[in-house]
Structures are given as structure tokens and as C-alpha cells.
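Here's the structure, in C-alpha cells; my notes come after.
The values are calculated or read from the model by the stated rules, or taken from the named source; none is laboratory data. Please read all numbers here as calculations on a predicted model, not as lab measurements. Quick reminder, even Gly has a Cβ in these numbers, built from the backbone with ideal geometry, and neighbours come from all protein chains shown. Heavy atoms of the whole protein, side chains included, go into the accessibility calculation; ligands, DNA and RNA do not. Shrake-Rupley method; radii C 1.70, N 1.55, O 1.52, S 1.80 Å.
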Amino acid sequence: MFLRPNLYTSYEAEVQILPTYTKKVLAAIGIILLLLIPFDIPLITSATDLPLLRNIPVISNGIPPLRFLGDNSWLRVLDEALIFGIAALGINILTGMAGQVSLGHAFFMGVGAYSGAVLGGVSTSSVWGWNLPIWIWLPGAGIGAALVGIVVSPVAVRLRGLYLAIVTLGLVFLGIHMSNTTWGRHIAGDPGLGRDFPKYDIRLWKEEAPLITINDDGKWFGFLDVTDNQKKYLFLAVLFLVFILLAKNVARTRTGRALQAIRDRDIAAEVMGVPEFKYKLIAFATSSFFAGIAGALFASFAGKLPASQFSLALSVEFIAILLIGGVGTVSGTVMGTFFVVLTPKFVESFTEWLADKTDGGGVSAKLAEVVISTGPGNQGPISSAIQTPGYPLNVFDWNLVLYGVLIILFLIFEPLGLYGIWIKIRNYWKRWPFSY
Amino acid sequence: MAKLNFDASEPSHLVGLSIVVGGAIFSAYELATGADIYATTLLKSLALGSVYALIALGTVLIFKATEVINFAQGAMAMVGVLFISFMVADGNLPIVGFFWEIPNPIYELGGPEWIKWFLSVIVALVFAALLGLLIERLAIRPMIGEPLFSVAVITLGLEIALRVLANDTVKINFRSVDAPWGNGGFNIGDGFVNWSYFAAMITAAIAFVAVFFFYRSRMGIAMRAVAHDQEAAMAQGINIGRVFAIAWGAGAVLAAMGGLFATQPPVKQTGAVDTDVALVAFRALPAVILGGLDSVQGALLGGLIVGTAEIYAGQYLSGQTAWLGSGYPLIVPYFVMIIGLLVRPYGLFGTPEIRRV
Amino acid sequence: MRKLTKGIAPFLALALVAAACGGDDDDTATTDAPAATDAPAATDAPAATDAPVATDAPDAPDTTDAPAVTSPPPAAEILTDFGVDDDVIRVGLNADLSGIFAPLVTQIVAGQEAYWDIVNDNGGIAGRQVELVIKDSGYDVPTHLENYAEMADEGPDGVIMFSQSTGSPHTAATTESLVKDNLLAIPLSWYSGWAEPTQLGSNVMELYTSYCLEAMNGVEYLAGENSATTIGIVSFPGEYGQDGAQGAKKAAEALGLEVVYDGEGAVVPGSDQTPVITELVAANPDIVWATLNPGTLAEILGGAYQQGLRATWSGNSPSWNYQLLATDLGPIADEVYWHSTYTALWGAVDSPGMTAMIEGMRAKQPDAVLSDSYIVSWTEGMATQAVLEQAAANGDMTRAGAVAALQDVQVDFQGLAPDQTWSGAPNDYIVRESYIYDVDISKFSAGATVSEEGGTGFTLLTGPYVGEIAGNYDFQEACFKAG
């Protein structure tokens, strides 16, 4: 079956998570890369520890083209991508698979974040917290959000299409308002400063020294010398893989098939014996569960957040992830997440690099000055000054404008998203040399 | 238009009846105890409702023609009112005014100030319409036939881009629109009524009457046909592109008019554009949904209901802030919308989607 | 809003930047990282004892183009770690340049650029040029933290301290890391909790007085001048609004004013303000203290005035924006509003610092819009410069050295703001002075640039002013305890 990717001899073979050898190999490489990205310093402390591993250059020196990703600041962005990935997988179940457009994902993330904070946070005079260990508060965050999802779903099931989208948008505003009430403040803390969230450290119960530290420097298991940033990354990477597996499994079970049937033609699905209400409720609950976990991870990662962070802009970001990645597929969602979260950082580095070029001389400076305006002499659209009395805009505003334009262009030119591009590339090489 | 056939077995009718009866009892009590405050509150809520209705009407027009919900309505409102500000306060032509200054020719002429203001606003609205056409041509037209969800997200992208440009133009300033009525008004007992309340109501009334007649014109009928079935309309020889363009142009004009009144009392006391004008349009979305996405009379009624609910809740529940939470008027529109949709899932006048197997 | 930004030909950018970044980091970040981690902490203050400490020579400095504070001479041998080498000192600004506070913060950052240009023209600090590392947070906490990670790192963007960290939640989210990384930060926030030595404030260097003490001064002055017996308080919920409201209440209690409307936390921006206006007008106070933002203040002030309230208003500094004078509200504000601030305002005070600042802005950024933000830029710059020069004098320009130097620093703002120190207990060093101005529309020049003669619409009533209540206030913890 190695060169016959579309030949399946049984249903079991077709619904495997990784149905072909190519996919298995690619997935294995992907997982190894994912886990090795943070290591651009020697992983093993001294040469006497496991000398065999130490001689593998990838481990001692990092993966050459991806090495810069191991920087602390890049690791932070990657961490965020992993957290957003979990939430995006959730909205993919609701919007991509079940076809229920939701602009309320930020609300469910917030519910998760604050469920987690109440369960795992430290209580003070102004906020509640039970200081429970992570194996309770993290799942608790997911379950809390799922319960709220179940409460909301009877309303949501009655609504269709854009009506549902706007109502879920209303949830975001209701959520931020609730955090501002007297009782909401005991959960969400001060509206300006926010509250402290529990840390990732893994404890058995409330003991002083954690079983596995994730927030502080120090060796793991006595010999793995990893920094706090690398620890957080690895912790999130493992969770991310677990949730990919979960999402994949939702897609290929009875539930997943039922959801897709409802998306494609809900009345036909009901005629065939798929109870619409039950499965939409399951979709809401599952999606909220993912959102809740991601929300708790997100909040805990920041350490301290005001409730206004769970805003409409966050919801919109997930819709963008879904559309840019390609609606309805797990791999598309993952690609979309990394694209949407990492692109700003790449572009920021790019504009910084471009601005540096204008200082030099020669051809590169001339080219850079087409884009960057440094003074009255040249009129590029981007001003290198911070305060601009009008046109041209400063770099930071352009970054936002270009983000909006990017979404528009992407959807106009590739409505199927990154997943669509991937399919085109794959088909090109499948037919090669007879492709056109 | 829906007929008033009361049916006691229908829960939505009972809810509607109880709201009407409850409102009547409350109104009677308040009129008896504080008629001046009640009257100003009523006028204020009608004015706010008119602002919402104007913005909602633009959204509905666009939706009816293109089946796209325009999330950029707020940003378009802000850009539109900036155009007005360019024309009347800076005395420059808009759009070009972002980059170079070309004087507004109207202010070179003689005549009373308010006529010049009025003409300048009309010219600014024409520029707003051009902006709508431009957006339609560049971002919406290429998406004909693509999933509607994708087009809706395109408008979200537009919202981000336009709003950053607009905010950057406003900066720290409050850009005045120099409305001829200023922030003046008159007192009714202890209450105060701004002239701008009436300006907003009159503008909304004119806009709705204009749309009402437009839908009876040849082009309006074509637009309704397109709303009904794009392919069938095309087969009848209707130029869908032109219908789209007109809808977006009209949507942008209505957004700019809504934006103009979003800088006036009761929404703002400054009579100037600042960076949160666009947020008013987000509060108009519940009005659109409550009235029904594809209904013109729904936009009017939805806007008025949402505006009334917001102002009345603000006026008469202010003693309950302790348990409602401060800033509760902000979520009243959404609350009203959710209650409304529980009773009527397609809004008050929305056409239920026909579901086929 | 999250800065999720960007995309000039994203794929092209991706490839180019991948190449560019990879190259850079090979050389700098990775190679010196392992060796550097434990070096600075051990050498905390070796030279601190024998260094020439703060020569307070009060001879008038040459104010023509030197904004410089009277500076101790640098030590011969200077220890450095991150952010400082033999030629350059890197100072970080983690600022909101595209979010909701961007209009204000872009001015402050631009002003700082002008300030440091002048410092560099005059030879820099300890023979090193100051280089600003400016990053945009978009008023988004995660982005702020990303920027922080980059600037706290040992890489090419590593800084010695932050001369600006926009936003309370953002700065609060970094406080733990600030201590861990030995970094100082000047917040653009005046919450009284920043002065708590153990909590939020450990490495946070708050400039000027706090919302709370400012409110005490404001209420005391306002009540005295207007012979008031009743007060109304309107504020946002949270660390800003309620800190100010608590200060106002403490002052009202001490003065025996009756709080007829307590709107602490009652105002939420962006919503309809009818409930607040209704209650406030019904209560009919003599004076009103507001802790809001300009847009919301305009709505409440305008609404209440139209419904017949004729109180005298004042509020915490961020509540007012002089551009409001250009709107319909201008004449009303001229009549009833007094502006309370932490600093002197553009041209409203005659002092060497003010002259130097105005000349500096005119020389470096002649087209910049006239604004009071540049005073914040200047004072932030002066405070940062004082810390760095003290560190240089101590011979320790490591991050830890800068933190240690803060204890010896005494900043003379030359009349731009009350002078300040950070050593001892909070009660000894918190600033208690504030300024109170009458809003005066005749002194407002709309659309002027710094090069033109113009004003931001103020007449100084009193300042630097310390009321009895603020002067005797025993600071133990934040006036308002925020979660």
C-alpha cells in the first residue's frame, strides 16, 4: 500500500488516525521536531550522562533551520500557538464539524480560565481560590466550561447561522460584564489588574515542593537540564498532542459522523435517526471543554490577566484561524493556528530588519526606503517615526492594517485556506509529471 | 408585514402581550409621578433608537442584497463621520484629506452657515457611498458564490483595517462635526432635551421612507428579486453586480448617518468623533438580529426597542446597580436580543430559512 | 485588542526573516548564554560603598540644551552584564503603540526619543550612547509579556531597564519576572499599590504621586475653595478608578464632607451613562471628584450640566484631555472643571526644566503636536538617566546594579514634577504633591505644534500642593486593594 495512498481494504484502515505510511512518517517527524525545537543548548548536562545522545548533533546543537525558534521570545510565541491550537481544535468541532458558527469562543475560554483559577488559585481577601493541584484544576476548567456550554446550548440549538453567531457574540459581552459585578470580582479579581492564576507546576496535593516543576529552572528527574521556558513549552507540546489525538478521535467516531451529517443537512440527518438536539449539545460541550482547557492554560501562562482580555477580538482570532487553516479538518486547524499566531512575529521581525536596512547604504537601503519613510525626502507608506502627525502611518498601525488586509486577501484568493493549498500541492505531486 | 392575529396558545404572543401590558402599567405610573422625566426619557430613547435603526438599516440593506452580514458597519460609520468632519470642521475634501488638503468648495460660497453645513454633509455622504462601492468592488464582488461565512469574515478583516486607519486619523483629538444645533436644547421640567434628538429622529424617518419607496422602484424590485434568489434573478437579466454595488453604497451612507448621530447627544456629549464611535455599531447588531436580518421594518422596530430598553433601563433601574453590576446598560441590547430570539428564532420580522431535506 | 497583526507578503517575509534571525542568534544569544547566567547576581554591589555618592551641588546646570540631572561622575571601572556594553546602553520601552492608549503613548515615546537624542548629543551616560528598544504591546497582556521576554533576554534586544511599561495589568503581569530578572520598570500608571514594597512594587519605579493621594489633595483644595459641604464621586471600577475614589472618600471623611453620591466603580466606559447621571443630578453635590477617562468624563459632565447640576468638578489626571476644549463641551468645562495633575504642564510653569524641555522638543521634533505628554517623556527620561548614572557611579551597570542604584538615586526634575527618591520605607519616599489647574479655554491653541507659541488651556491654581490630609497620610498599603 506504500504507493497506493487511496487504496483502503477495510473501513478500519480508512478511519485510522494516520492511514498511510507517508502520514505516519510525517507525523513522527513532526512530533520529534515539535519536541526538539526548544533545545539549542546541550540537553544533557555533562558528557558522562548518556554519551550516545550527546553525540547526536541535533540534540547538542539544535535543529539548524529552526534554531531561532528556541529563543525565549520565540518560545513564548510558540507556547501561545500551542495553547491557541487547543482552543482552535475546539471551535473546529463546533464550527467546522457541526457547522454552528460561534463568536463566543473567548467567552468559554474565560469560563475555563476562571473555573481553573477558582479551583487552583490562591485565595486572598478579594478573590476565591481553593489551591488545588493541577490534575484537578485543569480538567476542572474544561468541565466548568463544558457545563456552561451545556447550559447555553438549548438557546443555541434553536438558532441558525448568523443569528447564532450574533447571540454567541453577545455572550462575550455578558461574560465581561459579569466579571465586573460584585460576585464576579470574587472570581475574576480587579477589573483593571486581574487576578493571579495557578501555575503549571505538577503537585500530588498541596505540598510545598512540586512533583515536577514547570515554572522554575532546575533539572527534571535529576539529569534533564531544561530552563523554565523549555519546561513550559514541553508541557504544552505534550498537552497539544493529546488534544490533537482527542480531536482526531472525535472526528472518526459515531459522534463525529453525526455532527458532520447535521452540518451537511440537518433535517436529513434527523430523518436518518441522528438526534439533532443531543448532538448539537455534545458539540457545544466538547468545544467548550477544549476552550476551557485552553483558557486556563492561556491565563496561567500569562500569570495575571484582566477579564477584558477574553474579548471579541480573541473570538475573531479563532474564526480567522479556522478559515485560514481550512474549515473542518484537524490538520488545517493546526496549520491555521501556527500561521495566525506566528505571522505577526515574523512580520514584526521583517519590518524591524527592513528599518535597519535604511540606515545602511547601497541598493538594499534604496529598496527599503521604498517602503519605509524616514523623513521628508522619501515618502514610503510606513513611517519610521513613532509619532506621525498623519500620513504616513507608523509601523505598528500598519501591522494591524495589514493583518486585516491579509485576512481579506487570503479568503479572496484561497477560500479553502492553508489546507486547500496543501491539497493542491499534494495533488500536483501526485500527478507529477503529468500535472499542469 | 406581520398581521396582529392574537393567539393565546402561542407563547410568543403571550410574552409580547405581557410586555405591552407591563409597559403600559409602568408608563402610566411614571407619567403620573414624574411626567417631565418620563417625557425626556422617551425622547432620548427614541433618539438612541433612531441611531441604532440607521446603522441597522444599512446592515439589513446589505444583507438583503448580498446575504452578507457586515461586521464592518461600525468602522464604515466611523470613516463616514470622519469624512463629514473633514468637510465641515477642517474645510477639506475627504479621502484626499487624509493625505493632501484640497479645500471644501462649499465653504467658499456665501449663504447661511447651516445650509453650507448641510450641503457639505451631503457631499461627505457621497464620498462615503464611493467608499462603500470601492469596498464592494475590491473585497465583496470577488467572493460571489463563496461560502457566506467566509464573506462575513472578510468584513471582519475590513473592520480591523478601516478602524485602525480611522483611529490613527483621530489620534488623541476629538474631531468636531460642528453640528448646527450644537449641544443646545430645552428643558421639560427637570429633564433636558437636546435638539439633536429630533435631528436623529427626522433623519431616521427620512431614511426609512426613502428605503420604503426605493423598494417600490424598478431597481428596488430588482434588489428584492436578488434577495429572493440570486440565480433566478440573474436568469431574468438583473445585473447582480449593480444591485450589490447599490446596496453597499447605501449601506455606507446609512452607516455614516448613524455615525454622525453617534457623535451627538444622547450618545456623546462632545459632538465630536473619538475612537469609540465604531463601538456604537456593535450595539446596533442586536437591533438587526432582533428585528430580523432581512427585514427593513425589523431594523426600525429592532432599533427602537433596543434603544428604548437601554435608556429606560438606565433611567429607571439606576437604583439597582448594586446587583445588576455597574455599566449594565451596555449589555441590555444583548439581553433583549437573546430574550427576543428565544421567542422568535428569526427575529420579529425575519424570514425563516426554508430547510430542505 | 490582541496584536495579531501583519502581513506584507507573509511568505516572503517568513523566508527572509527566518534567514535573518537565524544568523543573528547564532552569534549572540546562544554562545554567551550559559556562562552569563550566574555572573551578575553574585557581584551585587562591590563598588557601592566607596563610590562618590550623589553630589548634590545645587549650582544651576547649563540649561541651554542639556536636560541632564546633576550627575555623579562615573566610576573608572564599570561592571556590566546585559543591555550595556562598552559603547551602548539599551533602555526598553514596552509601550502600547497601536492599541487604545496609542494616541497618548506614541507622544510619550516620541518625546523620550527626543530626550535621549539630547542626552546622546551631550555624550551619553558614562561615555556610552543610549539606545532605545521600543516594542509595541497593542495594549494586550500576552503581547506585552512576549515583548518583555525578548527584552529581558540576553539577546540583541536585551535591556538594562524599562523607561516605560504601558498599562497596569500589563506591568502587574510582569512584576514577578521583574524581580526574577533584576529589571526596573517605570509604569505608565499611578496606582498606589506600586509603592507597596513587597507586593507589586518591588522593582516598579512609580513616578509622581498616586491616584489616591492626588484625589486627597484635589478634594481638599476643591472643598476649601468652594466652601463645599457635599461631594459626589464617580469612578471606573478597578485599580485606577477605585484607588482615586478611595482617596476622595478618605479626604471627604477627614474634611467632614457628606458623600451624597458614591459612584465608586459605577462607571463603565462605552456604555450609556444615564444611571450615573440620574443619580448624580438627584444628589446635587457641591463638588464632584471623577476618576474616569476623557470621553466618559465628557458624557457625565456634559449630561449632568445639562440637567442642571452646577457643581465644581475635578478628577484624577487621566480623566482630562485638553483636546476636549475643541468640542461642544469646551465652554462647560471652562466653567466648571479644574484639572489635577502630577506634573507641571506645557508652559504653565516657569522653571529650568520646562525651558529645557520646550527647547529640546523644538530642536528635535519641531513638527510634533503640542501636548503635555512630553513632560511625562522628559521626567521618565530624567528618572531613568538618574538611575543609570548612579549605577555608573557605583561602578555596577548590571541589571542588579541598576536595581541597587535606585536606593541612592535622588531625581531633581527641575520644576517639571516634584523631586523624588525611592529609598527607605514607602512613607518616606512617596510623593504627596500634586498640581491643580483651572481649565481655561482662552489659553488653548488647537492644532498647534511644539514650535508654535501656544498652550494646552490651563491656568495654575496651586502647585506643587500638599494638602493636610495627603501630607499626614500614613501609607501602609494601597488605598484600594486590587485582587
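One table, with the values for the structure above:
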quantity	calculated
The stretch C:189-213, subset of a type in the set (Gly, Ala, Ser) and open to solvent by less than 20 Å² (accessible area, probe 1.4 Å), residue modelled with the lowest pLDDT	C:GLY201
Total residues in the stretch C:356-376, condition part of a helix (DSSP H, G or I) and either within 23 Å of C:ASP438 (Cβ to Cβ) or free of Cβ contacts under 8 Å to residues at least 40 places away in the same chain (or both)	6
Those residues of the stretch C:420-451 which are open to solvent by less than 20 Å² (accessible area, probe 1.4 Å) and of a type in the set (Gly, Ala, Ser), in sequence order	C:SER434, C:ALA448
Which listed residue, of C:ALA392, C:ALA417, C:ALA405, is of a type outside the set (Lys, Arg), under 28 Å from C:TRP320 (Cα atoms) and open to solvent by less than 10 Å² (accessible area, probe 1.4 Å)	C:ALA417
Test: residue in the stretch A:218-228 that is open to solvent by 30 Å² or more (accessible area, probe 1.4 Å) and either within 8 Å of another protein chain (Cβ to nearest Cβ) or at pLDDT 85 or above (or both)	no
Output for the stretch A:325-354, where each listed residue is small (Gly, Ala, Ser) and over 17 Å from the mean Cα position of the chain (by Cα)	A:SER349
Some residue of the stretch B:169-190 being surrounded by fewer than 23 Cβ atoms within 10 Å (Cβ to Cβ), small (Gly, Ala, Ser) and assigned to a helix (DSSP H, G or I)	no
Given (1) within 14 Å of chain C (Cβ to nearest Cβ); (2) farther than 30 Å from B:PRO333 by Cβ, index of the condition B:THR263 fails	(2)
Criterion: buried (at least 23 other Cβ atoms within 10 Å of the Cβ) and at the interface with another protein chain (Cβ under 9 Å from one of its Cβ atoms) - qualifying residue of C:MET151, C:MET216, C:MET161	C:MET151
Leading residue by the ranking (nearest to the other protein chains (Cβ to nearest Cβ)) among those in the stretch C:89-129 that are under 12 Å from C:SER163 (Cα atoms) and among the aliphatic types (A, V, I, L, M)	C:VAL109
Residues satisfying the stated conditions in the stretch C:250-273, i.e. under 11 Å from C:ALA304 (Cα atoms) and touching a Lys or Arg at 6+ places or on another chain (Cβ under 8 Å)	none
Residue selected from the stretch C:352-369 under the condition modelled with pLDDT of 85 or more and open to solvent by less than 20 Å² (accessible area, probe 1.4 Å), by the criterion nearest to C:ARG310 (Cα to Cα)	C:MET354
Residue in the stretch C:458-476 that is part of a loop (DSSP other than H, G, I, E, B), out of contact with any His (no Cβ under 7 Å at 6 or more places or on another chain) and surrounded by fewer than 17 Cβ atoms within 10 Å (Cβ to Cβ) present	yes
Qualifying positions in the stretch B:299-338 - in contact (Cβ under 8 Å) with a residue 12 or more places away in the chain and away from chain C (no Cβ under 14 Å)	B:ALA299, B:LEU300, B:LEU301, B:GLY302, B:GLY303, B:LEU304, B:ILE305, B:MET337
Residue identified as facing another protein chain (nearest Cβ under 10 Å) and under 24 Å from A:VAL101 (Cα atoms) among B:GLU136, B:GLU146	B:GLU146
Count of residues meeting criterion [at pLDDT below 80 and in contact with a helix residue (DSSP H, G or I) (Cβ under 7 Å, 6 or more places away or on another chain)] in the stretch B:12-57	2
Any hit, the stretch A:296-305, residues being outside the structural domain of A:GLY116 (by TED's automatic domain parsing) and open to solvent by 10 Å² or more (accessible area, probe 1.4 Å)	no
For B:GLU146: the one exception among (1) touching a Pro at 6+ places or on another chain (Cβ under 9 Å); (2) within 30 Å of A:LEU314 (Cα to Cα); (3) open to solvent by less than 10 Å² (accessible area, probe 1.4 Å)	(3)
Single match in A:ALA106, A:ALA141 (criterion: more than 10 Å from chain B (Cβ to nearest Cβ), at pLDDT 90 or above and touching a Gly at 6+ places or on another chain (Cβ under 6 Å))	A:ALA141
Residues satisfying the stated conditions in the stretch C:291-309, i.e. at the interface with chain B (Cβ under 7 Å from one of its Cβ atoms), open to solvent by 10 Å² or more (accessible area, probe 1.4 Å) and part of a helix (DSSP H, G or I)	C:GLY295, C:GLU299, C:GLN306
Some residue of the stretch C:404-412 being assigned to a helix (DSSP H, G or I), of a type outside the set (A, V, I, L, M) and within 20 Å of the chain's Cα centre (by Cα)	yes
Options A:LEU211, A:LEU193, A:LEU159, A:LEU174: the member that is more than 10 Å from chain C (Cβ to nearest Cβ) and in contact (Cβ under 8 Å) with a residue 24 or more places away in the chain	A:LEU174
Helices (runs of 4 or more DSSP H) wholly inside the stretch B:229-304 containing at least 2 residues that are modelled with pLDDT of 90 or more and open to solvent by less than 20 Å² (accessible area, probe 1.4 Å)	B:240-262, B:277-291
Flag for A:PHE289 being among the aromatic types (Phe, Trp, Tyr), open to solvent by 30 Å² or more (accessible area, probe 1.4 Å) and either at pLDDT 90 or above or under 16 Å from A:MET109 (Cα atoms) (or both)	yes
Residues within the stretch C:262-279 that are within 18 Å of B:THR263 (Cα to Cα), more than 29 Å from the chain's Cα centre (by Cα) and open to solvent by 10 Å² or more (accessible area, probe 1.4 Å), tallied	1
Enumeration of residues in the stretch C:424-457 that are within 20 Å of the chain's Cα centre (by Cα) and aromatic (Phe, Trp, Tyr)	C:TYR429, C:TYR435, C:TYR437
